[in-house]
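Have a look at the structure below before the remarks.
What follows is calculated from the coordinates using simple rules that are stated; it is not laboratory data. Values in this document were obtained by computation on a predicted structure and should not be read as measured data. When we count neighbours, we look across all protein chains shown, and the Cβ atoms used for this are built from the backbone with ideal geometry, even at glycine.
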Amino acid sequence: MNALQKTVVTAIDAKRDEILAIADHLLKNPESGYREFKTSDFVRSELEKLGLEVKSGLAITGVRADIDSGKPGPKIAVMGELDALPVPSHIFADPATGAAHACGHHAQLTMMLAAAKVLTPVIKELSGSIAFIAVPAEEFQALEYCRQLMDEGKIAYCGGKPEFIRQGFLDDIDMVLLIHAGHDTFTPESFNGFCMKQIIFKGRAAHGGLNPWAGVNAATMARQALNMIDGQRDIFNDKDSVRIHGIISDGGSAVNVVPARAELELQVRAKTPEAVKNACAVVDRCVKAAAMAFGGGVEIHNLGGYMPYRSCSELNAVHAGNLKELCNGELTNFGHRGSSTDMGDVSMLMPALHAYSGGFSGSPHAKDFVVVDPELAYIQGAKLLAMDAVTLLENDAVKAREIAALPKVMDKKSYLEFKELMSSSEYHDYM
Ligand SMILES: [Zn+2]
Ligand SMILES: [Zn+2]
């Protein structure tokens, strides 16, 4: 560990109580996506305490404050997610809203703020600049609320990071660092991306006993569509990690009425943007075929989603090196994950680190996901973020320059075109 890294690590130890108090406050004030107003205010005031000029209200609740070394070099972002999710049975759930930090995003914000506290005083000893960013709505929850915000023109995407990208708040960023709450210290190789689909089958109501032949049964279309989707599993290549799962969100209104409407909500996941697109086309084929077979109609609404996440081995190596320096720890590479994060969207456009800290037990998104070791959950991650920033921006930011120059998966234009495709709607009528 070099002298500057020692300085930031010692400073975090000195601020331990302050940092744990931040974690406690955030944990006990959980708010769901695009509703993180109290959390956003708190993050802003913590950054203002450091004398920083803070931009807030970005994509509704996002916050950003930059520090500049005054010397040329890349701009790295240290990021935390603002949102909780509805888990009313969680021990720290808000009794009024049911929101709880059952994915541990309060730990990300704590680490980001702690890193800001110790990096701000030493920024002049580095090159380039750092943006401390709190992003809204990672969990892709509350679709109704998101749609309302879209109708009001406030957002175009359910995810906070895609919305940040769309609105240009990451245009000047060269790479992003984030540490997520977890059971262990590791970095995944990749995550699946996904497209959220709402499928509405249209039929015709009739009396279920008296004259069902006069009806067109939308629930039957939904059932048969699901059967056909299930029957497609063999055609997906293992390497694409395709997962299609969903619910019947409307199966009819009354048992003695032939359902005139049925609705499926499906999540189509895969490892590459191309594989997501292809799996979506298969699902569309199945739902159209079901509507056609029973003489109904089908609305296909693509409600957006997240891009697959691709890790950056060079950033992972920086993180692994610092874990070794800090505590002789080994960073495990966790391979591919079937779940998704909107850090995937960021990783299509620039190098991104989506690492995990230890210190939590229980099942993520469940009532028992809680901190059991505050040292690992908050303090160690904060030290690692600060050390990573130093490694990247010291010595004329040579490491950050090298990583910023790596080839990107997509440019912003092709990214936005793909997002457009994943947000389109169509209607097919076979009545
Ligand atoms: Zn989550
Ligand atoms: Zn999460």
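Odds and ends about this structure:
- Positive dipole terminus of the chain, leading residue within LEU353, LEU27, THR39 (C-beta point charges): LEU353
- Burial ranking of peptide ranges 63-72, 304-313 (average Cβ count within 10 Å, highest at the top): 304-313, 63-72
- Label-point gap, in nm, between ASP171 and LEU326 - each point 7 angstrom along Cα→Cβ: 3.4 nm
- Quotient of Cα Rg and 2.2 N^0.38 Å for region 1-149, N being how many residues it contains: 1.10
- Between LYS239 and MET1, the FRET efficiency from the beta-carbon distance, with R0 = 30 Å, is close to 0.15.
- In percent, rounded to a whole number, the relative contact order of the chain is 21, using alpha-carbon pairs under 8 Å and six or more apart.
- Those aspartates and glutamates that a straight Cα-Cα span of less than 20 Å connects to LYS413, excepting residues fewer than 8 apart in one chain: GLU163, ASP171, ASP172, ASP174, GLU274, ASP342, ASP345
- Amide H to amide H, with H built 1.01 Å from N, ALA366 comes under 5 Å of no residue 5 or more places away or on another chain.
- 3J(HN,Hα) along region 295-304, derived from phi through the Karplus expression 6.51 cos²θ - 1.76 cosθ + 1.60 where θ = phi - 60°, amounts to x, x, x, 9, 9, 10, 10, 8, 9, x Hz, with x in place of Gly and Pro.
- Using θ = phi - 60° and Karplus 6.51 cos²θ - 1.76 cosθ + 1.60, couplings along region 4-19 (whole Hz; Gly, Pro as x): 5, 5, 4, 4, 6, 5, 5, 5, 5, 4, 5, 9, 3, 4, 4, 5
- Pairs exceeding a 20 Å alpha-carbon distance, out of LYS38/LYS367; LYS75/LYS154; LYS49/LYS117; LYS15/LYS71; LYS6/LYS324: LYS38/LYS367; LYS75/LYS154; LYS15/LYS71.
- The GLU189 and HIS365 beta-carbon pair, evaluated with R₀ = 22 Å, returns a calculated FRET efficiency of approximately 0.55.
- Computed extension gain for HIS207 through ALA317, at 0.36 nm per residue and net of the alpha carbon distance, reaches 33.0 nm.
- About the centre of its Cα atoms, region 193-306 shows a dipole size close to 80 debye [charges on the beta carbon of Lys, Arg (+1) and Asp, Glu (-1) only; nearest 20 debye].
- Region 7-28-region 179-229 distance, computed between alpha-carbon centres (Å): 44 Å
- In nm, spacing of pseudo-spin labels at SER424 and LEU143 (7 Å Cα→C-beta vector): 1.9 nm
- A straight Cα-to-Cα reach below 30 Å connects LYS202 with the lysines LYS277, LYS288, LYS419, residues fewer than 8 places away in its own chain not being considered.
- For region 67-121, the spread of Cα coordinates along the three principal axes comes to 50, 18, 15 Å, biggest extent given first.
- Under 5 Å between amide hydrogens, built in the peptide plane, is the criterion, and for ASP250 it picks out GLU263 among residues at least 5 positions away or on other chains.
- Computed from Cα atoms, the angle from the helix 105-119 axis to the main principal axis of the chain rounds to 30 degrees.
- Packing rank of 254-261, 181-188, where each peptide gets the mean count of other beta carbons within 10 Å, highest leading: 181-188, 254-261
- The mean sequence distance of close C-alpha pairs (under 8 Å, at least 6 residues apart), as a share of the length of region 193-306, puts its relative contact order at 44 percent.
- Here the dipole of the chain is about 620 debye; that uses its Cα centre as origin and unit charges on the Cβ of Lys and Arg (positive) and Asp and Glu (negative).
- Rounded to the nearest Hz, the phi-derived 3J(HN,Hα) couplings of region 233-246 under the Karplus curve 6.51 cos²θ - 1.76 cosθ + 1.60 (θ = phi - 60°) are 3, 4, 7, 8, 5, 3, 5, 8, 6, 6, 9, 10, 9, x, where x marks glycine and proline.
- Under Stokes-Einstein, with the Kirkwood radius over Cα pairs as Rh, the value for region 193-306 at 4 °C and 1.567 mPa s is 90 µm²/s.
- Taking 0.36 nm per residue of separation and subtracting the Cα-Cα distance, full extension of the segment from ASP230 to MET410 would add 61.6 nm.
- Farthest toward the positive end of the dipole of region 230-283, out of VAL242, VAL282, VAL257, is the Cα of VAL242, where the dipole comes from beta carbon charges about the Cα centre.
- Peptides 76-83, 278-285, ordered by how many other C-beta atoms sit within 10 Å of their residues on average, highest first, read 76-83, 278-285.
- Applying a 4.7 Å cutoff between beta carbons, the unpaired cysteines of the chain are CYS103, CYS195, CYS280, CYS286, CYS312, CYS327.
- Placing pseudo-labels 7 Å out from each Cα toward the beta carbon at ALA289 and LYS71 gives an inter-label distance of 6.3 nm.
- Working note: 222 nm ellipticity from helices only, DSSP H runs with n ≥ 4, each -39,500 (n - 2.57), summed and divided by the residues of the chain, gives -11500 deg cm²/dmol to the nearest 500.
- Across the alpha-carbon atoms of the chain, the computed radius of gyration and Dmax are 23.4, 84 angstrom.
- On full extension, the segment bounded by LYS38 and GLU53 gains 3.5 nm, given 0.36 nm per residue less the C-alpha separation.
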